[in-house]
Amino acid sequence: MSNPWWKNAVVYEIYCKSFADSNGDGIGDLKGVMEKLPMLKELGVTCIWFTPIYTSPQVDNGYDVADYRNIDPAYGTLEDFQNLLQMAHSMDMKVIMDVVVNHSSDEHVWFQESRKSKDNPYRNYYIWKPAKDGKEPNNWGSYFREENGSAWKYDEATGEYYFHQYAIKMPDLNWDCKELREEIYDMLNWWIDLGVDGFRLDVFTRFQKTPGFPDTTKKAGPLDRNGFVVDHDMCTNVEGIHEIIHELNRNVFGKRGVMTVGEGSGVTYENALPYVHPDREELNMVYHFQLAARVRTSLSADQFRDIQSKWAQVIANGGWAVQYLSNHDSARQVSCYGDATNYREESAMLLATLMHTTPGTPFVYQGEEIGMTNVKFDSIEDYNCCYTKGDYYSMIQKGATPEEAISTLAPRSRDNARTPYQWNGSEHAGFTTGKPWLKVNPAYEEINLEKDLQSEKSIFRYYQKLIAMRKEHPAITEGDLKFYLCEDRDIVLYTRTCEKETLLVVANMSSKPATLTLPEELRGEKFKRILTNCAKNAPALDGRTQLQPWESEVYVKA
Ligand code: GLC
Ligand code: CA
């Protein structure tokens, strides 16, 4: 049986707001994306994922949707989108949309209706509760920690509270409501009719909340406010969630044969399989956070091996997963896991090698293909990310100085990933002729696409080769993964073996040279190098070999 397209795909994530601005208003837009499609084609990506481009008040940059069937005017029109879709398809690239249906914007007409009266036909689309002892219905905290920190907001019109896991302006939808489910199916089918190839499901593990909304008994964490406790378990992987996803599959995804990838908050190699095993008819794949840059700030070879070998089991058992280190919610991978100061290009290439040669579908986040780095702004005013702001005010309330708070939060801010794309060395990095909505990373004069393409150590060109390799070597998609332990613990060494071939990958995850002692089992075999991030002769794979800092090599068994 041949592989479904998404197993062979390389997905590129576009954060439209920060990608390319065509009209000088400082906001990236669809026409800007269209101008850059040839560059994505050249890179070799086969699928684009758009983070939300729907009509939105932009409280959370589009993850607060006010109209699920239209494009935000800042990005263009529905017609622009249809043109883009056609253009992408004519270039053999698929397009998948972000679906944000854990919550909507409070400006969505459903919510506008819902809040009007207790007997409004839309009342049950959201989660409403009366006060408990004159206070919030329970002690759950919201992730963005606005105002008093509660996940409930009092609404005067009906004298009840509504529930919001995220921003106050992002009320949670009620998946227990049958009419709501039907609306979502219709809306998704409408996008499929328009021609989209699949969906990325935002925080899908959080659609089902703990029945009865009991108080959490978890202790308040250092950033929790006023006794409202952020307890992800109350709304993550709660019983009933599989039924919701299965119904989505039955009514939309499976029925129409579109690709799905779920954002797996709280998904680990232990609980992933039921979401992604084909027999379950839920999702094609999930992405997990166990390697994501931000959740962790460093990644050792041992940790990498440990997590990858366990996820490889999920795949070996019939599931599928995403390979990525960063996205719009993370920091920049080269700053977190590589050495952005001394070996930026080498370490960016090494990290890419790991993502593109381990089992699963690689997702590239805009800018990683030129090695974009983290940024640090001086003032909280320059930050936009809701987590950074919420955590900042919590820290200030608890006595931190602004400098302390920013130093702590900057390395983890999602704004690291959201600064505008660095196209060239001109003002605002060539992103816009106007004033960018979020400041450009001052590193742009050194780090930009134009400069990268002229460099002997071009990261972009390296990504091209990696992506091209996937098309030629079936072991990358199909091969079993086997790790070998090396004496030098900074070295990662593994093979990928399918019926047709064996690939071998070796990588030195450190800024120091390393000595590779080839394991007994692999000695005497003949290997031919097919990819390197190092301008030197291929290390001979016999006995002991020196590896340079951040060197990565890919071989095929001759
Ligand atoms: C997901 C998105 C993130 C957003 C959140 C709420 O985690 O990736 O950007 O803030 O959901 O929609
Ligand atoms: Ca614009």
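Values in this text are rule-based calculations from the coordinates and carry no lab data. Here the structure is a predicted model, which is why all the values come from computation and not from measurement. A quick note on method: Cβ atoms are made from the backbone with ideal geometry, for glycine too, and the neighbour counts reach across all protein chains shown.
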For the stretch 512-518, just list the computed ³J(HN,Hα) in residue order, Karplus coefficients 6.51, -1.76 and 1.60, θ = phi - 60°, integers in Hz, with x standing in for Gly and Pro.
-> 10, x, 9, 10, 8, 9, 5
Mean Cβ neighbour count within 10 Å, used as a protection proxy, ranking 499-512, 84-97, 352-365 highest first | 352-365, 499-512, 84-97
One finds the C-alpha centres of the stretch 325-374 and the stretch 11-27 to be spaced, in Å, by 20
Quick numbers on the stretch 175-313, Rg and Dmax over C-alpha atoms in Å, give 17.3, 49
Vicinal HN-Hα couplings computed from phi for the stretch 421-435 (Karplus, 6.51 cos²θ - 1.76 cosθ + 1.60; Hz; Gly/Pro x) = 4, 9, 7, 7, x, 7, 3, 6, 6, x, 6, 8, 8, x, 9
Along the three principal axes, how long is the stretch 476-557 when you take its alpha carbons, biggest first, rounded to the nearest angstrom?
-> 36, 25, 21
Determine the gain in length on full extension of the stretch Glu472-His232; use 0.36 nm per residue of separation and subtract their C-alpha separation, reporting nm with one decimal.
-> 82.2 nm
Compute the whole-percent fraction of alpha carbon pairs in the stretch 1-80 spaced more than 22 Å apart.
-> 31
The stretch 256-380: spread of alpha-carbon positions along the three principal axes, whole Å, largest first, is 49, 32, 22
Between Lys528 and Asn23, take the C-beta separation as r, use R0 = 51 Å, and let me know the FRET efficiency to the nearest 0.05.
-> 0.55
Label model pair Glu456, Lys310: point-to-point distance (7 angstrom along the Cα→beta-carbon line) in nm is 4.3
Using the Cα atoms of the chain to build a convex hull, what is its mean projected area in square nanometres?
-> 25.3
Per the rule of 0.36 nm per residue minus the C-alpha distance, extending Lys376 to Cys498 adds in nm 39.5 nm
Is there a pair in Lys465/Lys500; Lys17/Lys439; Lys457/Lys536; Lys500/Lys536; Lys118/Lys178; Lys41/Lys536 whose C-alpha atoms are over 19 Å apart, and which pairs would that be?
-> Lys465/Lys500; Lys500/Lys536; Lys41/Lys536
Would you kindly calculate the mean projected area, averaged across all directions, of the convex hull enclosing the Cα atoms of the stretch 98-255, in square nanometres?
-> 9.7
With label points set 7 Å from each Cα along the Cα-to-Cβ direction at Lys557 and Thr401, the distance between them in nm comes to 6.0
Options Ser552, Asn533, Thr517, ranked by Cα towards positive dipole end of the stretch 476-557, top entry (Cβ charges) = Asn533
Label-point separation, Gln82 to Lys135 (7 Å along Cα→Cβ), nm | 5.4
Karplus couplings for the stretch 99-116 from phi (6.51 cos²θ - 1.76 cosθ + 1.60, θ = phi - 60°), rounded to Hz, Gly and Pro as x?
-> 10, 10, 10, 7, 8, 10, 7, 6, 8, 5, 4, 4, 6, 4, 6, 4, 7, 5
